[in-house]
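Peer 1: Could you have a look at this structure, given as structure tokens, before my questions?
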Amino acid sequence: MRLPAAILLLTMFLVKNGSSQPVTEKRGVIPGSFIKLAVDNLGSIYLLSTNNQLKKLDEKGDSVAVYNNVKKLGTASLLDVSNPLRVLLYYQDFATLVMLDRLLTPVNSIDLRQQQIFNAAATGLSYDGKIWLYDNMENVLKKINDNGSVLLKTPDFRQLFNETPEPQQIIDRNKQVYIYDTARGIYLFDYYGAYKGKIAITHWRNLRITSKYIYGNDKDRFYRYTLHSLKFEEWPIPDALKNKQQYLFEDGLLYTLDTDGVAIYSCRF
């Protein structure tokens, strides 16, 4: 049975902060040619370079680990560091997941094609070290173990929703699984695969979910959504920070990525 969208939609109220700019002074710079940036909850920074090398830096910016074994798989489409002890890389072109430990040593590799999963556009780590993925051929959310075996799956999304989601991102946080379709919003599921509701956030880039907030941006503005109060805030992106490749908010800091490297700024929120 399809569920009425009006019942499931989680609303929000808007607070505009056009005159209040949260980004303050620059704290540091990491020069280099990188294509992906991630930060874990311990403050470690992960950088995927243009030659597909993954480097881990501590909170002081010192290199602590490097992963180089990427020649066969090419460029990773996903870098998930939500669990600092289990770093996940996903190579969508080869339908392959690679799990690394905290020192970026490979501990496991899963070829999804051997599990008859040929089209998984979105994947992400689960709270218990397993892996969530969205199977675009079956239109279901699946949870798999280190062997690639399916532990659970949802009903067919085509039976649940009037418009079938096309997820680009899966985030396990706050005892929920957030499935982000940039055109349709964020779909919420519990750990048993039961659908819980929807947040009307669309067309945000660099979506990031913390224990209290959802962050994102578009071309001109930063956005923040408070999970418990449903408050929605926005700020103009300063001209000096526009057109960056990636923005990432974490624990009072803003990380930006462009062709020159990573810059780190203080934030007031």
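The values are calculated or read from the model by the stated rules, or taken from the named source; none is laboratory data. Since this is a predicted model, take the numbers as computed values, not measurements. In this analysis, Cβ positions are derived from the backbone assuming ideal geometry, glycine residues included, and neighbour counts consider all displayed protein chains.
Peer 1: Within the stretch 27-76, how many residues are of a type in the set (Gly, Ala, Ser) and assigned to a strand (DSSP E or B)?
Peer 2: So the count comes out to 5.
Peer 1: Which numbered condition in (1) surrounded by 13 or more Cβ atoms within 10 Å (Cβ to Cβ); (2) at pLDDT 95 or above is the only one that Leu73 fails?
Peer 2: Leu73 satisfies all of (1) surrounded by 13 or more Cβ atoms within 10 Å (Cβ to Cβ); (2) at pLDDT 95 or above except (2).
Peer 1: What residue, of Gly129, Gly124, Gly148, is closer than 25 Å to Asn41 by Cβ and in a loop (DSSP other than H, G, I, E, B)?
Peer 2: The unique qualifying residue is Gly129.
Peer 1: Scan the stretch 89-103 and give yes if some residue there is crowded, with 17+ Cβ neighbours inside 10 Å, in contact with a strand residue (DSSP E or B) (Cβ under 6 Å, 6 or more places away or on another chain), not in a strand (DSSP E or B) and not small (Gly, Ala, Ser), otherwise no.
Peer 2: no
Peer 1: Using beta carbons and a limit of 7 Å, which pairs, at least six apart or on different chains, have the first residue in the stretch 173-195 and basic (Lys, Arg) and modelled with pLDDT of 95 or more and the second one crowded, with 21+ Cβ neighbours inside 10 Å and not in a loop (DSSP other than H, G, I, E, B)?
Peer 2: From residues that are basic (Lys, Arg) and modelled with pLDDT of 95 or more, the pairs are Arg173/Ile209.
Peer 1: I would also like to ask the following. Considering only residues that are at pLDDT below 95 and either in contact with a Cys (Cβ under 8 Å, 6 or more places away or on another chain) or of a type outside the set (Ser, Thr, Tyr) (or both), which ones fall in the stretch 203-218?
Peer 2: Lys212, the sole residue that qualifies.
Peer 1: Next question, about the same structure. Can you run down the residue pairs with Cβ atoms below 9 Å, 6 or more apart or on separate chains, where the first is in the stretch 222-250 and at positive phi and surrounded by fewer than 19 Cβ atoms within 10 Å (Cβ to Cβ) and the partner is of a type in the set (Ser, Thr, Tyr) and not in a strand (DSSP E or B)?
Peer 2: From residues that are at positive phi and surrounded by fewer than 19 Cβ atoms within 10 Å (Cβ to Cβ), the pairs are Leu230/Thr11.
Peer 1: Here's another thing I want to ask about it. Any residue in the stretch 69-92 that is within 23 Å of Asp172 (Cβ to Cβ) sitting within a Cβ distance under 6 Å of a residue that is among the small types (Gly, Ala, Ser)? List the pairs, counting only those 6 or more apart or interchain.
Peer 2: What qualifies is Leu79/Ala38; Asp80/Gly124; Val81/Ala38; Arg86/Gly129; Leu89/Ala76; Tyr90/Ser77; Tyr91/Ala76; Gln92/Ser77.
Matching residues to (1) modelled with pLDDT of 95 or more; (2) touching a Pro at 6+ places or on another chain (Cβ under 9 Å):
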residue	(1), (2)
Val15	no, no
Lys26	no, no
Ser44	yes, yes
Leu47	yes, no
Gln53	no, no
Ser77	no, no
Asp80	yes, no
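Peer 1: How many of the residues making up the stretch 213-229 are over 15 Å from Gly185 (Cα atoms), part of a strand (DSSP E or B) and not charged (D, E, K, R)?
Peer 2: Number of matching residues: 3.
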